[in-house]
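Peer 1: I'd like to ask some things about the structure below.
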């Protein structure tokens with residue numbers, strides 16, 4: 001009896017297996033894999049880019065950057081600026097509604113901005129120059145500055161990390177160091193909490209009451225017209241599987257394919273790779289300015305004679321089309337690009353000069369502690385290249401400590417000397433977009449104790465940064481950027497070692513209307529064929 | 001029998017206490033800081049310190065341990081630092097895929113391995129035996145992730161018979177579940193097949209040389225009956241032990257398989273939590289895994305009594 005039942009079950013399973021469709025695709029469902037999993041729902045609580053991507057789905061912004069990275073109004077309809085450039089008056093556009101049906105008012109806007117500026121670097125900068133931010137009526141709010149800070153609109157249109165989203169007032173009143181509980185935005189998609197499986201899947205549905213702007217979509221700006229019913233973020237932690245899923249058509253869009261797989265994706269019919277001129281990552285070789293030898297500027301300058309930029313590019317992004325040999329602290333392919341002061345770094349490598357400078361800095365063969373993250377896609381190979389370059393010098397004693405990236409993230413915060421758990425060098429990266437502004441580019445700042453890990457300290461550089469922020473126009477900013485670059489190459493807060501692009505890959509035979517952006521990809525305007 | 005089970009259950013209590021202590025202090029003494037992960041790459045040291053304060057990570061370790069134990073005794077495994085969801089909710093979300101994968105793997109492994117081992121022992125020193133043993137060596141030697149990628153390439157990309165990744169819950173139909181679990185179960189099952197087949201062969205060879213088997217043959221009992229009724233039953237104790245050990249090994253194998261095939265199970269939850277230093281999840285899962293391991297061992301011990309009545313005494 002049991003045997004017969006088993007045979008029937010086996011036969012039924014075989015028939016079902018053969019008859020079942022290969023991929024059960026739902027119509028108008030966009031399936032995407034981003035670079036990380038949506039694990040946190042509050043885009044102000046963490047500065048991780050994935051939280052910004054989630055935020056962009058659910059929340060709306062006052063301004064947005066277009067494809068040329070120029071700020072454009074989004075929730076704002078009109079605005080005026082006083083002659084002294086200190087008072088900005090904004091009026092919200094009609095039709096702004098939260099997902100719970102309530103109207104968006106300036107009370108929500110004011111509370112949201114006050115929460116955001118407590119957690120974002122550029123926001124804090126803006127707060128420092130803010131006299132007041134008040135709601136005049138339900139549609140108009142006034143932002144008054146203490147000084148004519150020139151980056152108000154640019155900051156409100158910022159993308160990448162810590163985007164200034166507008167939340168409901170009740171969520172915006174939550175302590176910015178605590179997570180919000182309800183995710184109710186006024187953006188083009190509604191978050192489906194009941195379908196959220198952290199570490200696996202995040203689901204959004206089209207917000208039917210969303211009123212897009214009339215302008216065509218461009219970058220993050222323009223009309224956010226949603227052309228699918230549902231977007232599913234499917235988290236594929238294994239890059240090989242993610243690539244295979246795109247090839248098999250199980251996902252439509254892959255934000256961050258591993259460089260090794262790009263040739264496969266490029267040669268697969270129906271898959272398109274897309275990049276933006278300002279898209280990409282810049283490598284950062286961070287030096288600790290608190291402890292010898294890099295507390296002496298001579299030792300930092302000596303590193304410019306030892307580090308060969310091109311070697312990193314060939315290791316991290318072998319495809320020449322993705323490489324940019326860049327010597328600009330503010331990235332290449334962006335408005336502030338400048339290599340002023342980079343002569344030594346660009347020039348031939350010179351071990352003898354490096355050795356002489358290290359000696360002048362008082363270096364006597366003490367171990368240089370390197371935090372080597374061995375589990376990171378590009379940081380590991382970059383470390384291997386750097387270690388080889390430094391060993392080749394012959395006079396440096398290296399203490400290479402292998403660890404996972406999570407440990408580096410923790411260890412780099414320690415200010416103690418290397419022998420007591422501190423460090424001398426670690427490698428990381430930043431997006432070209434973030435580094436394109438001296439204000440959002442936190443790693444380049446030299447504000448001593450308030451600076452990024454490594455704690456560079458230079459008052460002159462900070463004065464120039466401030467002047468950049470107050471410059472009246474782009475031309476003036478470009479001139480100051482040149483001065484900033486010269487000063488940075490003189491003081492060497494860190495060494496930028498490469499710039500490479502990370503294209504997105506998508507099924508062009510299944511979807512169209514993908515918007516080209518440098519970071520935080522939008523899911524509106526995409527049509528499923 | 002009841003007294004035996006009770007004794008074994010009581011013995012698990014100190015084991016679980018040691019596990020709780022070990023897990024907590026190992027995690028807190030390991031370098032890594034969830035606050036730094038939350039803050040992201042562009043955060044300043046002051047921001048990280050602010051987050052650490054809010055999470056209570058700046059409090060003394062003994063104080064954090066006290067809170068952890070108190071909550072544990074109340075059945076509260078804690079709340080994920082990142083998703084802000086209770087650990088138990090996350091475990092419930094992930095339990096089905098992991099259990100289905102584990103059961104499917106065991107079914108695949110046992111269904112193939114025991115006949116293979118029995119046949120190899122029966123046809124010892126023949127080509128069939130060598131093929132089976134060759135497969136066993138291969139099964140051990142090839143890493144799970146490589147088998148996974150090969151299966152994906154052949155069955156999902158080239159033949160397009162099965163999906164590359166993902167899991168379809170049982171609530172959406174058994175066929176979808178079986179399709180989504182087929183490749184991972186085979187990938188993960190390979191090593192267990194190899195292990196169980198080898199042990200079955202060795203154990204069967206020993207039993208097949210016993211006098212009572214010779215007697216059975218002499219009495220004219222059919223070969224099939226000798227192998228399955230007389231020999232296999234008496235060779236079962238070491239095989240069941242290996243299956244039990246396999247269940248424990250499955251936990252580590254599941255981590256890799258779930259990652260390669262994107263199965264949203266407990267294995268991936270563990271790895272993701274470790275990488276992000278989400279302490280409550282790691283602690284909760286290790287406690288659960290340890291409990292599961294203790295329970296499996298207990299069940300295996302009890303099962304011996306069915307195969308060998310002498311153990312009951």
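Peer 1: In whole Å, how far is the Cα centre of segment B:20-70 from that of segment A:462-529?
Peer 2: Using only Cα atoms to place each centre, the spacing works out to 33 Å.
Peer 1: Looking only at other chains, what is the average number of their beta-carbon atoms within 10 angstrom of each beta-carbon in B:166-175? Can you show the working numbers first?
Peer 2: Working: counts 10, 2, 1, 0, 0, 0, 1, 2, 3, 7.
Mean partner-chain Cβ count within 10 Å for B:166-175: 3.
Peer 1: Given N residues in segment A:214-370, what is its alpha carbon radius of gyration divided by 2.2 N^0.38 Å? Before the final figure, lay out the partial values.
Peer 2: Details: Rg = 21.9 Å, N = 157, 2.2 N^0.38 = 15.0 Å.
For segment A:214-370, the normalised Cα radius of gyration is 1.46.
Peer 1: Can you put A:376, A:276 in order, fewest other beta carbons within 10 Å first? Walk me through the numbers on the way to the answer.
Peer 2: Values: A:376 17, A:276 21.
Going from sparsest to densest Cβ surroundings: A:376, A:276.
Peer 1: Quick one: helix B:2-29 against the long Cα principal axis of chain B, what's the angle to the nearest 10°, folded into 0 to 90?
Peer 2: With rounding to tens, the tilt is 40 degrees.
Peer 1: Taking a ≥ b ≥ c as the square roots of the Cα gyration tensor eigenvalues, with a/c under 1.5 meaning rounded and otherwise prolate when a/b beats b/c, else oblate, which class fits segment B:5-111? Intermediate values should be presented prior to the final figure.
Peer 2: On the way: a/c = 2.57, a/b = 1.51, b/c = 1.71.
Oblate, since a/c reaches 1.5 and b/c is not below a/b.
Peer 1: Could I ask something else about it? Rounded, prolate or oblate, given the Cα gyration tensor of segment B:105-235, with a/c below 1.5 counting as rounded? Mind showing how you got there, number by number?
Peer 2: Numbers: a/c = 3.32, a/b = 2.12, b/c = 1.57.
Since a/c reaches 1.5 and a/b is larger than b/c, the shape of segment B:105-235 is classed as prolate.
Peer 1: Once a ≥ b ≥ c are taken as the square roots of the eigenvalues of the Cα gyration tensor of the protein assembly as shown, is the result rounded (a/c under 1.5), prolate (a/b larger than b/c) or oblate (a/b not larger than b/c)?
Peer 2: Values: a/c = 2.03, a/b = 1.68, b/c = 1.21.
Prolate, because a/c is 1.5 or more and a/b exceeds b/c.
Peer 1: Could you tell me how many degrees, from 0 to 90 and to the nearest 10, lie between the Cα long axis of helix B:61-73 and the main elongation axis, the longest principal axis, of the Cα atoms of chain B?
Peer 2: That works out to roughly 60 degrees.
Peer 1: How far is helix B:266-276 tilted, in degrees, relative to the longest principal axis of the Cα atoms in chain B, given as a value from 0 to 90 rounded to the nearest 10?
Peer 2: 40
Peer 1: Just counting partner chain Cβ atoms within 10 Å, what average do the residues of peptide A:235-246 show around their Cβ? Kindly include the intermediate steps, with their values, before the conclusion.
Peer 2: Numbers: counts 4, 7, 8, 11, 0, 8, 12, 3, 1, 8, 8, 1.
For this peptide, the per-residue mean of nearby foreign Cβ atoms is 6.
Peer 1: Further question on the same structure: Would you mind calculating the relative contact order of chain B from Cα pairs under 8 angstrom and at least 6 residues apart, reporting the percent as a whole number? Provide the component values of the computation, followed by the final result.
Peer 2: Numbers: 332 pairs, mean separation 78.9, N = 313.
Averaging sequence separation for qualifying contacts and normalising by length gives 25 percent for chain B.
Peer 1: Here is a follow-up. Rank the residues B:247, A:398 as a footprinting-exposure proxy: fewest other Cβ atoms within 10 Å of their Cβ go first.
Peer 2: The order, fewest Cβ neighbours first, is A:398, B:247.
Peer 1: Can you give me the relative contact order of segment A:299-442 as a percent, contacts being Cα pairs under 8 Å and 6 or more apart? Let's see the in-between values first.
Peer 2: Details: 192 pairs, mean separation 40.5, N = 144.
Relative CO of segment A:299-442 lands at 28 percent.
Peer 1: Another one. Quick check on chain A: helices-only [θ] at 222 nm, where DSSP H runs of length 4 and up contribute -39,500 (n - 2.57) each and the sum goes over total residues. Nearest 500, please. Don't skip to the answer; put the middle values down first.
Peer 2: Working: 17 runs with 159 residues, N = 529.
Taken over chain A, the calculation gives -8500 deg cm²/dmol.
Peer 1: What is the spread of the Cα atoms of segment A:462-523 along each of their three principal axes, largest first, in whole Å?
Peer 2: 51, 30, 15
Peer 1: Can you tell me what percent of all Cα-Cα pairs in chain B are more than 29 Å apart?
Peer 2: Numbers: 24989 of 48828 pairs.
Of all Cα-Cα pairs in chain B, 51 percent lie more than 29 Å apart.
Peer 1: Please state the relative contact order of chain A as a whole percent: Cα pairs under 8 Å, 6+ residues apart?
Peer 2: Numbers: 1111 pairs, mean separation 101.6, N = 529.
Relative CO of chain A lands at 19 percent.
Peer 1: Given all pairs of different Cα atoms, what value in angstroms does the Kirkwood hydrodynamic radius of segment A:281-500 take? Spell out each step's value before the answer.
Peer 2: Details: mean 1/r = 0.0574 Å⁻¹.
Here the Kirkwood hydrodynamic radius works out to 17.4 Å.
Peer 1: Run lengths n ≥ 4 of DSSP H only: what is the helix-derived mean residue ellipticity at 222 nm for chain B, with -39500 (n - 2.57) per run over all residues, to the nearest 500?
Peer 2: Result for chain B: -24500 deg cm²/dmol, rounded to the nearest 500.
Peer 1: Cut-off is 10 Å between beta-carbons; in what order do A:372, A:441 appear when sorted fewest neighbours first?
Peer 2: Numbers: A:372 22, A:441 26.
Lowest count first: A:372, A:441.
Peer 1: Averaged over B:77-85, how many beta carbons belonging to a partner chain fall within 10 Å of each residue's beta carbon? Before the final figure, lay out the partial values.
Peer 2: On the way: counts 0, 0, 0, 4, 3, 12, 10, 10, 5.
If you average over the peptide's residues, the count of other-chain Cβ atoms is 5.
A short reminder: the numbers here are calculations on the coordinates, not readings from a lab. Note that the structure is a prediction, hence the values are computed from the model and not measured. Neighbour counts run over all protein chains shown; Cβ positions are idealised from the backbone, glycine included.
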